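Beneath this line is the structure, given in structure tokens, with notes to follow.
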């Protein structure tokens with residue numbers, strides 16, 4: 001049987017995967033390697049990887065991540081990818097000559113997609129088709145509707161018009177001996193409105209003898225079906241939708257198969273495929289080495305040669321070197337501000353439509369288990385508001401689930417204990433071994449500069465584990481952190497928590513197997529951090545919803561409500577590193593030593609986060625935000641002393657190890673003044 005294909009398209013910019021909108025706006029999704037591995041594990045029909053980076057040298061340096069490629073080339077990245085990508089791999093972007101094409105085949109590509117070269121050097125395309133075989137050369141056409149209503153083709157990542165209609169460009173491309181066509185709609189890119197009807201109509205008029213892939217705009221089952229049902233289309237492709245949810249590709253395939261679509265099946269329980277990363281022993285030892293020696297970081301590397309003035313957003317206080325990877329639009333706004341503006345522009349009618357969408361999701365799972373849903377709660381203000389909304393606005397019976405990382409403040413623990421009473425809910429609290437927690441605190445600090453790895457991963461593991469055990473198909477979270485901070489997703493995307501986000505962003509690529517064997521930690525000690533198996537997740541049909549994409553979300557307003565209605569208590573003393581008093585009461589280290597480590601790495605801290613949010617919400621002006629940041633971001637917190645005693649470490653050792661995580665693009669060292677960095681004050685007025 002000649003199956004039709006479902007193809008993920010991955011866009012790479014400066015070493016990171018990005019979500020695309022209209023070929024102009026790009027939001028960082030994360031590292032390419034874990035995403036490509038995940039897709040490969042699912043037996044995807046094919047992967048298309050397109051490099052849209054303006055520079056030849058990719059720079060994704062993050063010393064606190066397992067997948068830290070640093071400065072590399074696209075060809076070198078392909079070498080890494082080909083080691084574990086067993087799906088057919090089509091590669092393109094930035095190819096300008098025969099050697100570029102040879103390089104991608106040499107480094108693991110199965111097929112090559114060419115766009116600009118179709119028109120800039122047609123003879124090279126003909127030669128490549130002859131040399132590698134027509135089946136290995138894919139012609140890529142990017143189209144947009146002109147003023148006359150016709151589709152015209154563009155090159156140079158959609159920036160340069162060719163003045164050729166789609167029909168003319170198809171004739172031209174086919175005359176060069178290509179074996180396949182990939183047609184992407186610039187107008188539909190990132191829209192979620194489905195494939196361009198004009199593209200499909202054009203293809204239906206023709207009798208093409210080569211396979212055709214349509215791309216751009218698809219994120220629902222009905223839209224995929226529309227493409228697959230067209231006789232002229234051999235494959236449907238999409239990009240953003242494969243980042244959004246748990247088991248995105250298998251879930252879509254499962255629904256398409258149920259609808260009778262002619263697509264291949266998939267496998268989730270292959271015994272020879274390990275979902276968790278495999279950790280090289282020598283590299284593990286290398287990362288741990290700084291915890292067993294007295295050697296200091298080589299400060300000669302911090303001579304200012306790598307230091308560059310970061311690009312700051314013209315409105316908020318985030319820079320291009322933030323912990324949450326940041327992109328900017330052509331006006332100088334960071335994508336976090338762009339997403340915030342989109343959120344603020346939503347009307348009451350828009351939110352009413354979103355609530356209907358949310359109720360449709362809720363009703364799919366209602367009554368399937370003893371509890372309608374899980375609300376993952378820490379006892380903080382957002383937890384209170386999530387629970388309030390789920391009960392009083394959605395009419396659900398939730399099970400409250402908490403990960404207890406042994407770091408609660410007194411008032412935070414009091415708030416958590418009150419939830420069962422004020423909401424009249426059942427409440428499950430998972431409290432891992434304190435001895436194991438102490439070990440994980442210390443190890444994670446040494447290898448990734450984040451003593452709170454256990455909490456970040458534990459929170460996003462505990463609720464799914466309970467959901468699978470109790471067969472509860474729905475979990476509620478608050479706002480999507482990366483969408484809120486750096487605009488990783490737009491308001492039209494509706495992302496859901498999933499294994500990829502948990503492992504790559506919350507865990508920085510470090511999952512529980514990394515810790516086995518270190519400091520006598522056994523596999524059974526790490527049960528609280530083991531994510532459910534893929535086939536278990538699919539069986540339950542688990543969805544993990546972010547309420548912040550469906551309802552108006554403003555933490556300051558939520559705090560007022562939960563204080564007045566439920567007696568939520570705020571901190572009785574101000575924090576040292578931020579001006580807010582209701583933040584992270586569930587973890588005494590999150591605002592303190594954990595956030596101080598972020599300052600060590602990237603040169604900013606929690607005050608920048610909070611001030612940027614309040615600037616976007618119109619509650620703070622930029623100059624006041626800068627003054628707050630300059631007074632708070634650098635403060636070394638007193639809770640460090642508690643943590644040092646907790647893990648049996650001296651402060652000088654903490655400082656020595658911390659220095660290993662300073663980014664040389666941010667920090668400079670001199671004997672006279674010690675550590676210094678580019679100060680936001682130099683761009684106070686944008």
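The values are calculated or read from the model by the stated rules, or taken from the named source; none is laboratory data. Please read all numbers here as calculations on a predicted model, not as lab measurements. We place every Cβ from the backbone using ideal geometry, glycine too, and count neighbours over all the protein chains shown.
Of the numbered conditions (1) outside any helix (DSSP H, G or I); (2) under 30 Å from residue 517 (Cα atoms), residue 287 satisfies every one except a single condition; which is it? Every listed condition holds for residue 287 apart from (1). Taken together, the residues in the range 480-522 that are at pLDDT 95 or above and either over 24 Å from residue 323 (Cβ atoms) or surrounded by fewer than 18 Cβ atoms within 10 Å (Cβ to Cβ) (or both) amount to 8.
So that you can scan it fast, the table gives a plain yes or no per residue for (1) surrounded by 15 or more Cβ atoms within 10 Å (Cβ to Cβ); (2) in a loop (DSSP other than H, G, I, E, B); (3) in contact with a helix residue (DSSP H, G or I) (Cβ under 8 Å, 6 or more places away or on another chain):
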{"position": "293", "(1), (2), (3)": "no, yes, no"}
{"position": "316", "(1), (2), (3)": "yes, yes, yes"}
{"position": "326", "(1), (2), (3)": "yes, yes, yes"}
{"position": "332", "(1), (2), (3)": "no, yes, no"}
{"position": "337", "(1), (2), (3)": "yes, no, yes"}
{"position": "343", "(1), (2), (3)": "yes, no, no"}
{"position": "367", "(1), (2), (3)": "no, yes, no"}
{"position": "374", "(1), (2), (3)": "yes, no, yes"}
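Here residue 483 passes the criteria (1) under 26 Å from residue 406 (Cβ atoms); (2) assigned to a helix (DSSP H, G or I); (3) touching a helix residue (DSSP H, G or I) at 6+ places or on another chain (Cβ under 8 Å) except the one numbered (1).
Yes or no, residue by residue, for (1) touching a residue at least 40 places away in the same chain (Cβ under 8 Å); (2) out of contact with any strand residue (DSSP E or B) (no Cβ under 9 Å at 6 or more places or on another chain); (3) buried (at least 18 other Cβ atoms within 10 Å of the Cβ); (4) closer than 27 Å to residue 271 by Cα:
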site	(1), (2), (3), (4)
524	no, yes, no, yes
528	yes, no, yes, yes
536	yes, yes, yes, yes
543	yes, no, yes, yes
547	yes, no, yes, no
552	yes, yes, no, no
556	yes, yes, no, no
559	yes, yes, yes, no
562	yes, yes, yes, no
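Each residue in the range 420-465 was checked for being touching a strand residue (DSSP E or B) at 6+ places or on another chain (Cβ under 6 Å) and under 23 Å from residue 391 (Cα atoms), and 10 of them qualify. Residues of the range 16-52 that are touching a strand residue (DSSP E or B) at 6+ places or on another chain (Cβ under 7 Å), closer than 15 Å to residue 249 by Cβ and not in a strand (DSSP E or B): 35, 36, 39, 44, 45, 46.
Every residue, every condition in (1) touching a helix residue (DSSP H, G or I) at 6+ places or on another chain (Cβ under 6 Å); (2) on the phi < 0 side of the Ramachandran plot; (3) in a helix (DSSP H, G or I); (4) at pLDDT 95 or above, yes or no:
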| residue | (1), (2), (3), (4) |
| --- | --- |
| 382 | no, yes, yes, no |
| 388 | no, yes, yes, yes |
| 401 | yes, yes, no, yes |
| 412 | no, yes, yes, no |
| 418 | no, yes, yes, yes |
| 421 | no, yes, yes, yes |
| 429 | no, yes, no, yes |
| 432 | yes, yes, no, yes |
